[in-house]
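Asker: Shown below is the structure under consideration.
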Amino acid sequence: MDYLNSFINYEKDRSFEYPRDVQLDRMRELAKALGNPQNAYESVIIAGSKGKGSTAALLSSILRMENLKVGLYTSPHLEDLRERIQVNGLLISELRLAECLTRIRKVLDTASWRRNLPTYFEILTALAFSHFKAMKIQVAVLEVGMGGLYDSTNIAKAKVAGLAPISLEHTDKLGKTISKIAVQKCGIIKGREIVVSAPQVPEAAAVIERTAGEREAELWQVGESIKALDRGHGPGFQRFDVSTPMGNYPNLELGLLGRHQIDNAAVAVGLAKALEKKTRWTISEGAIRQGVLDARWPGRMEKLAESPILILDGAQNAESIQKLLPGLERHFHYDKLVVVLGVSEDKDIEGILKALEGITVMATQSKNPRALPAKRIGLAAEAMGREIWVEEDAWDALTWAKSEAGENGLVVVTGSLYLVGEIRESWRKHDA
């Protein structure tokens, strides 16, 4: 881990030139030096602003139920780096991670590489590809880290690509408009694959349709060729129907909460059937039904406790908060809502605070170097003419929020997956 952490990590250090510092040539050279492991199996690549991790987890669960050997690569992690690299639901072992990294280190300990070292994320991606090949997986489900066009995962040759909802994010890197960001996301469309898209705002939908047309890709869109119908919900489940160009699946049950997860599940079902069309595999109704039911994705409307109800959700922008709040009302009954909020410094804090208007907010911060100091969240709120509470220590912030909410209330920790991961880890330690 010390060796891995010695490489520049753009998840923590945002002072880099995009796309200059993330061009794919270096990633291709590293993969080539390792024998191009990404070519040893089928791949599905998923980009988007929100929901791509949930979609990847759902698809992985479906494919595993068909007895396929499935690799899953996601980012960031909540508590343990090994969460990012899984095969059939099992995290890469410490031993395997060390073995793969040792092999990569031998490649990098040469004069030619010392002049142009890869990044932390590039090494992790190469490590995942190598582990998947060694484990003889049949298909890799790859979540894009940032953007798409220049992301390290995009060297994989995917016959099927997914696009989760696209919204404003990383505007300093990807562009100031949704259309420009969508161009980056659509960089995963290389030509003649099947592209499955979640419902999109018009600006993003236009870019997706144009790109798919130009690159002769077949486009399946949720709301068009894929339909998702909400059938009902409760405290821990949702029921819905999905119809796709390759089959209809009524009365599916989903454990992931929030109406937006039904759309994510519809994309995942579409991706599974698109993979069936592009390969010789059969993805049965039974695999879809069980895979959707069994899928879990920690830190996304995850319930940790009762009295008060404690929910963790890594909603990172205003649009995500706007989906989170009705989701809480949809699945839980409570008297008072208190939000423990911590965000990264590149997020639209004014937009997030506006989405939380009228709600009791405790501002805090994670230990990540990119965290926006809690005091600055408080100052942003003050500039908007509203008063929120501020507590730099995340655990103390949570303790206060639970007291403020009361036994019949609900506390949600949100704004940053880094904060969610820290609270989740601390909760387990205190609970133990």
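Asker: I need the Debye-formula profile for segment 4-294: one equal scatterer per C-alpha, no solvent, reported as log10 I(q)/I(0) at q = 0.07 1/Å, two decimals.
Answerer: So the normalised log intensities are -0.25.
Asker: Using the structure shown, select from Lys106/Lys185; Lys69/Lys277; Lys12/Lys173; Lys354/Lys402 the pairs with a Cα to Cα distance greater than 25 angstrom.
Answerer: Lys106/Lys185
Asker: Right, next: Among Asn116, Ser426, Gly378, which residue has its Cα furthest toward the positive end of the charge dipole of the chain, with +1 on Lys/Arg Cβ and -1 on Asp/Glu Cβ?
Answerer: Among Asn116, Ser426, Gly378, the one farthest towards the positive end of the dipole of the chain is Asn116.
Asker: Which peptide among 230-240, 15-25, 409-419 comes first, and what is the full order, when sorted by highest mean count of other Cβ atoms within 10 Å?
Answerer: Put in order of decreasing packing, that is 409-419, 230-240, 15-25.
Asker: Under 5 Å between amide hydrogens, which residues at least 5 positions from Ile166 or on another chain qualify, with H placed 1.01 Å from N in the peptide plane?
Answerer: Hits under the 5 Å cutoff: Ser49, Val201.
Asker: Okay, next question. How large is the dipole of the chain about the Cα centre if only Lys and Arg carry +1 and Asp and Glu carry -1, each at its Cβ, rounded to the nearest 20 debye?
Answerer: Charge dipole, the chain, about its Cα centre: 1640 debye, nearest 20.
Asker: I'd like to compare 186-198, 364-376, 27-39, 1-13: which one has the highest average count of other Cβ atoms within 10 Å, and what's the full order after that?
Answerer: Result, highest mean Cβ count within 10 Å first: 186-198, 364-376, 27-39, 1-13.
Asker: In terms of the Cα gyration tensor, with a ≥ b ≥ c the square roots of its eigenvalues, is segment 46-126 rounded because a/c is under 1.5, prolate because a/b exceeds b/c, or oblate?
Answerer: In terms of gyration-tensor shape, prolate.
Asker: In debye to the nearest 20, how big a dipole does segment 302-431 give about its Cα centre with +1 on each Lys and Arg Cβ and -1 on each Asp and Glu Cβ?
Answerer: 200 debye
Asker: Here is a follow-up. Rounded, prolate or oblate, given the Cα gyration tensor of segment 109-254, with a/c below 1.5 counting as rounded?
Answerer: prolate
Asker: Let me ask something additional. Just going by the charge dipole of segment 302-431, with Lys and Arg at +1 and Asp and Glu at -1 on Cβ, which of Ala394, Ala315, Phe332 is farthest out on the positive end?
Answerer: After comparing all options, I get Ala315.
Asker: R0 = 35 Å: FRET efficiency of Arg210 with Ser6, Cβ-based, nearest 0.05?
Answerer: 0.25
Asker: Ok, one more. Just want the ordering: Val267, Val390, from fewest to most Cβ atoms lying within 10 Å of their own Cβ.
Answerer: Going from sparsest to densest Cβ surroundings: Val390, Val267.
Asker: A further question on this structure: Val196's amide H: which non-local residues (gap 5+, or another chain) put their own amide H closer than 5 Å, with H modeled 1.01 Å from N in plane and none for Pro or chain starts?
Answerer: Ala161, Gly162, Leu163, Trp220
Asker: Rounded, prolate or oblate for segment 71-173? Axes are the square roots of the Cα gyration tensor eigenvalues, ordered a ≥ b ≥ c, and the cut-off for rounded is a/c under 1.5.
Answerer: In terms of gyration-tensor shape, oblate.
Asker: As a test of the formula, what do you get for the chain when each DSSP H run with n ≥ 4 contributes -39,500 (n - 2.57) and the sum is divided by the residue count, at 222 nm and rounded to the nearest 500 deg cm²/dmol?
Answerer: -12000 deg cm²/dmol
Read the figures in this text as sums done on the coordinates, not as results from a lab. Just so you know, these numbers come straight off a predicted model, no measurement behind them. Note that each Cβ is placed from the backbone with ideal geometry, even for glycine, and that neighbours are counted across all protein chains shown.
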